[in-house]
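Rule-based calculations on the coordinates, nothing more; no lab input. Owing to the predicted nature of the structure, the values given are computational and were not obtained by experimental measurement. Note that each Cβ is placed from the backbone with ideal geometry, even for glycine, and that neighbours are counted across all protein chains shown.
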Amino acid sequence: MKILYGMQKPDEGTIAVNGEQVSFSNPGDAIARGIGMVHQHFMLADNFTVLENVVLGGEKLHGIGSAARRKIEEISDAYGLGVRPDALVEDLGVADRQRVEILKVLYRGARILILDEPTAVLVPQEVDALFANLRELKAEGLTVIFISHKLGEVLSVADEITVIRRGTTVGTADPANTTTKQLAELMVGSELPSPETRESTVTDVPMLKVEGLSLGATDPDGVVREVLSGIGFTIHKGEVLGIAGVEGNGQTELIEALVGMRTPDGGVISLDGDDISRTPTRKRRESGIGYIPEDRHRHGVLLDAPLWENRILGHVTEKPNSRGFLLDPKAARADTERIVREYDVRTPGIEVTAASLSGGNQQKLIVGREMSHNPKLLIAAHPTRGVDVGAQAQIWDQIREARREGLAVLLISADLDELIGLSDTLRVMYRGQLVADADPATITPEELGSAMTGAAAGHLEAAPEDEA
Amino acid sequence: MKKFDKDRLILGFAGPALALVVAFALSTLVLLISNRDPFELYRLLFEQVSYSDVQVLIINQAGTYYLAALAVAVGFRMNLFNIGVDGQYRLAAMVAALVGASVTLPGPLQIALIVIVAMLVGAFWAGIAGILKTTRGVSEVVATIMLNSISTSLIAWLILPTNFGDQAAGSNNLTTGEIPEAGWFPGLPLSPDAGEIYGFTFVAAGCGLVYWLVLNRTRFGFDLRATGASESAAQASGVDAKKMILTSMLISGAIAGLVGMPTLLGDTHTYSLDFPVGLGFTGITIALLGRNHPVGIALSALLIAFLDKASSPLDQFGFEKEIATIMQGLIVISVVVSYELVRRYGTRRQQQKVGEELAAGHALTTEKEAAL
Amino acid sequence: MSTEVSAARVAPKKGGGRRRLSLPVVLLIIAGALALVSLVRLISGANDVTSVGQVSGALELAVPIGLAGLGGLWAERAGVVNIGLEGMMILGTWFGAWAGFQWGPWVGVLFGIIGGALGGLLHAVITVTFGVNHIVSGVAINILAVGVTRYLSNFTFADAPGGSSKQSPRLEEIDKITVPGLSDWMQDLQQHHWFFVSDLAGIIGGLVTGLSLLTVVALLLIPVTWFVLWRTAFGLRLRSCGESPVAAETLGVNVYKYKYIAVTISGGLAGLGGAFLAIVATSIYQEGQTGGRGYIGLAAMIFGNWMPGGMALGAGLFGFTDSLKLRGGAENVHAMLLLLAILLVIVVFWQLYRKKYLTALISAAISALLFTWYFLTDQVPSQFVDAAPYVTTLLVLALSAQRLRMPKADGVPYRKGEGK
């Protein structure tokens, strides 16, 4: 999509608009050709009104005063967007902001709209409203490219579907004649990775117990979103619990609540029998929670610090990093060298900064660091995101090894290979709730995909004769 | 690994070196434009250093500057801007002098009392800004600047003869009374002509050592540096950001409180209206130039003190002594720009080199490889 | 399949405790404040509080603060924090005096603006092009400005008649206007010391007596700023750089260019404030005459929630405290103690209404202390009076900082190409 919008240039291939071959070097070119992009992460200035956001950069089109206001109202009425030009964007809810983004591109005369995961953050009624808008656009002759994970929605709104997997087009489908099962197969591949046959290492000693965890957030326009709702699960020693789900369904908040960076509204968290619901982050980590963060640059490493100082991060009060109140750089350095050796971190030395390592090696260092403190529970959030295949395999091996030794692991990931390959138990998270559970050995792609997109719930059974 | 150390060392010096070169070039330009002979000026400045009394002055001044810079540096490492060192040290010196003049304890205790009072007052004054920041979100920059001015007024009021001050007969100067000899910090006499080096200068050097130790060798120091580098990562690692901010401001204020001690305990033995002012702002310059590193700050303190003291007799030779102030300003600007440039270059270069090293197969041997 | 689509929505509830005050409400609050001041004046007998001379003086003192605040506003609206306003103001005083004593006051004003703008340009280069931390750059510029002006004084003022290395010769004044009939009438009214009417007369009188032309210019700059920043395409783009430079970049705005322009204008305004100080307020350049007004201007800007109107009110408040100090400070500031005490009582009731019992208790305690202080003394020591503007700044910031909203990307270093 970046290429279509002029933010990146392709190495190969052609783009043709209305039969004419085109090439874009910046978004301005794309806009001039009538292509408008509605980003997944809105590019809106909160403190500005809708009018100001829409006209910014395009003041020459209709000025910035009443003419522009009239034009906005015109477009809004024509497509049923219900946008008020003088509303402050900050006061708008998510669905309204999205409409402002749509209006922005229409204002500039776009005839082809690209919507990137538009329903990722919408509640069902808002989704319906959006689709009604899209139908209006279609009726006026505009073209819409709608990118989404959500199979049900795609089927209901599209005239034609193209499936892309790992950067390649794998097929097209006609919504009238396709089922979610077939779509899921195309998306995920008809073969899911088969988990290795292995001895189950799951014990019956509970390590992490979460009950009734809930967290709410109120939108500026009064809509209360249940970010987390009644989350409860137990992870035993030697068990990997995988939580599947599309990003934005509460996984980040769940992890932050478990680590102590966010306070939930209600619920109890117990680690190895102790209630840690009110314990500060440092104590939780000292008590044996290892944490591989989703965003390693923000939460996992200090980019400009040398590797051995990064080894200390998160465990500054524990051996071998410190003795009493004093740091022990010598021991930390020695241990960093050990981690580099054992976890195959490719680096010329331990004095280089973390920023100079590749993502995969940074991640291996983080994994090594967390494992080195004999954690009881490892929280791994997208542990192999942005990591090369080789490092990925190594990290998986490390997790399996630790599991054999009795480690409990909470694995949150959007990578189905990872989830199926590592988990002993599988749950699905959707809109802040755990809606389904499944056995990784027997789960089918369409069941998993359906649950992840909200179309299925409960215990997912492999039922070959079942049709969606 | 040795290669990288050499690289870091070079880059470490490149910043200040580049800055000083640019600053001196610009100063030369200024001198030329104002029709003065730059080389004559530099010659005169360097000539001053050969006089032992000037040397003593420089060392004493550097000691004071060093403490001011340390106070600022503690804040900088936390991304906090304690511009209020000036107000903190003056208030601290005044109150400490008052207390020192009103009690008499045996020698070391008297000195200890004065020093502790100074540190507490400094910490308190900085703490006000710290609390305003952590509880009300007030920028510590504006808050500390306001507190500077308020402290001036507060001192002026406290030192009134009707309050706590003393006015010697026939003098316009207000003082806080003489501190008894028990509270005089012994100095190091160099020679009868040269004068004494303040004893507290050595304490200042000791503070530098403590600063380095705490920041680099303790858990608390690690947390502090981590918070300054990346608040989100520090938080994920268990640091309470608000507590850290307040603690840093308190520490910074406590060190600021020490800034007046060399002069108070080694020279004036009283706080009066002509107690040195403006040291806090010079401290900022020096902390920036020294890159918040105790050795860098020491060298920078010496440099700035040198500029200061060596330039005062310039008037006699037909130069304006304010050139030193301009040089200071030019140094600050060259410093901040060149450090940023060097930093960016350094990051890029390291990434490149690491890539090259790995490609050339110079990675540390890992088990995986050893097993092959 | 489709459910009822409600496209039209009722105006959303504004959450988060931020309320936009409408004009009638603001006027009502001002009227209420005036009534309160009037009451305090009657009780304390400090009739000078709202005299024509006081208001006139307050206005004159408010202008440099307001211009600095305006300068801060231009820069921060584009996302650049400008701590260097003090230094740019100093440059304004120096260049204003230097050109002023040679070629007349208006040329002085012009050069003052240019001097400040040069400082602003330097700040822009350091922060925008080199990406240095904004506050560090501002502090550096302040240091440099002091050094430059001190040094240059030796070559210019020191040789001029009536000047020295620390001050300039006497400067020519800019014309002052006084509206003849109105001014006298207001002065008369004010002398009667009637409740409210006399105070109002004092204020109006102060605005039309001895008003410098440059003050008029400065006052006009406020609505002009508002118009440019909120009613033109240029202003929209400039503000977008401070709110969301990434979004602006995706829409084709040259963020670097607007930041440069904004910061240079910011310096120019501070320079104008300095020129005003030197030429109008004191008719002389003196080392150190800015006295922290650059920073107080920043506080006024924060108080005004980064809006020109609010900033002007803040500057007026600070100018008033400054003026109180200069004109028989002790008695006036003493009266202000009473005012503060009464204000706090009102605050206590407000906090009780909001069920914030602890803060209400604290406010009540402070209020009681102030009342006691007022009744037990006749005057406030002059040193405290000196500190009044700074204490006011701190109080204002402490009480309001959390309710305000600064431009979202203010102070955030921006590198081109960060847009996704």
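A few notes on this one:
- Given A:K209/A:K283; A:K330/B:K242; B:K6/C:K257, the pairs whose alpha carbons are separated by over 29 Å: A:K330/B:K242; B:K6/C:K257
- Projecting the Cα atoms of C:F375, C:Y295, C:V208 onto the charge dipole of chain C (Cβ charges, centred on the Cα centre) puts C:Y295 farthest toward the positive pole.
- Cα shape, the stretch C:46-327, gyration tensor, a/c 1.5 rule: oblate
- When you restrict to C-alpha pairs under 8 Å that are six or more residues apart and normalise by the size of chain B, the relative contact order lands at 32 percent.
- Between the alpha-carbon centres of the stretch A:1-74 and the stretch A:251-269 there is a gap of 39 Å.
- Kyte-Doolittle mean at least 1.0, axial Cα span of 30 Å or more - DSSP H helices of chain C: C:23-44, C:134-155, C:329-353
- Tilt relative to chain B, helix B:279-289 - C-alpha long axis, 0 to 90 degrees, to 10: 20
- Förster-model FRET efficiency, 45 Å R0, B:V277 and B:F13, C-beta, rounded to 0.05: 0.85
- Violating pairs (Cα-Cα greater than 29 angstrom) within the set B:K133/C:K259; A:K237/A:K319; A:K104/B:K133; A:K237/A:K364: A:K104/B:K133
- Of all aspartates and glutamates in the structure, the ones whose alpha carbon falls short of 13 Å from that of B:K243, not counting any fewer than 8 places away in one chain, are B:D223, B:E231.
- With R₀ set to 45 Å, the beta-carbon distance separating C:I362 from A:I75 gives a calculated FRET efficiency near 0.25.
- Taking the Cα centre of the stretch B:1-152 as origin and assigning +1 to Lys and Arg Cβ atoms and -1 to Asp and Glu Cβ atoms, the resulting dipole is close to 540 debye.
- Taking amide H as placed 1.01 Å from N in the peptide plane, the amide H of A:I15 sits under 5 Å from that of A:V22, each at least 5 places away or on another chain.
- Average other protein chain Cβ within 10 Å of Cβ, residues B:350-361: 4
- Average Cα contact separation per residue, the stretch B:12-162, under 8 Å, 6 or more apart, as relative contact order %: 21
- Globularity index of the protein assembly as shown is 1.03 (Cα radius of gyration / 2.2 N^0.38 Å, N = number of residues).
- Selection from C:V52, A:P85, C:S240, by position along the positive dipole direction of the protein assembly as shown (Cβ): C:V52
- 10 Å Cβ neighbours from other chains, averaged over peptide A:81-94: 3
- Reducing the stretch A:413-447 and the stretch B:332-352 to their Cα centroids gives an inter-centroid distance of 47 Å.
- Beta bridges per DSSP with both ends in the protein assembly as shown, % antiparallel, nearest 5: 60
- For chain C, relative contact order (Cα pairs under 8 Å, six or more residues apart, normalised by length) works out to 29 percent.
- The three principal axes of the Cα atoms in the stretch A:15-147 give end-to-end lengths of 41, 36, 26 Å, sorted in falling order.
- Shielding by other protein chains, B:323-330, mean Cβ within 10 Å: 6
- Charging the Cβ of each Asp and Glu at -1 and of each Lys and Arg at +1, and nothing else, the dipole of the stretch B:36-119 about its Cα centre rounds to 300 debye.
- Pairwise centroid distance, computed over Cα atoms, of the stretch C:306-382 with the stretch C:60-129, Å: 32
- Each of C:L395, A:I64, A:Q398 was scored by the projection of its Cα onto the charge dipole of the protein assembly as shown, and the greatest displacement toward the positive side belongs to C:L395; charges sit on the C-beta of Lys, Arg, Asp and Glu.
- Protection proxy ranking, highest mean first, for peptides C:165-173, C:285-293: C:285-293, C:165-173, where packing is the per-residue count of other beta-carbon atoms within 10 Å, averaged.
- Between B:A359, B:A101, B:A118, the Gaussian network model of chain B with springs among Cα atoms under 10 angstrom shows the greatest mean-square fluctuation at B:A359.
- Protection proxy ranking of A:371-377, A:171-177 - average other beta-carbon atoms within 10 Å, highest first: A:371-377, A:171-177
- If you run the Gaussian network model on chain B, springs between alpha carbon atoms under 10 Å, then out of B:A324, B:A360, B:A25 the most flexible one is B:A360.
- Peptides A:387-393, B:106-112, A:85-91 ordered by average Cβ neighbours within 10 Å, highest first: A:85-91, A:387-393, B:106-112
- Degrees, to the nearest 10: A:389-404 long Cα axis against longest axis of chain A: 50
- Acute angle (nearest 10 degrees) that the helix B:140-158 long axis makes with the longest principal axis of chain B, alpha-carbon atoms: 10
- Within the stretch A:206-460: Cβ-based charge dipole about Cα centre, in debye rounded to nearest 20 (Lys, Arg +1; Asp, Glu -1): 920
- Candidate aspartates and glutamates - alpha carbon under 19 Å from A:K2, same-chain residues fewer than 8 apart omitted: A:D11, A:E12, A:D29, A:E101, A:D116, A:E117, C:E249, C:E418
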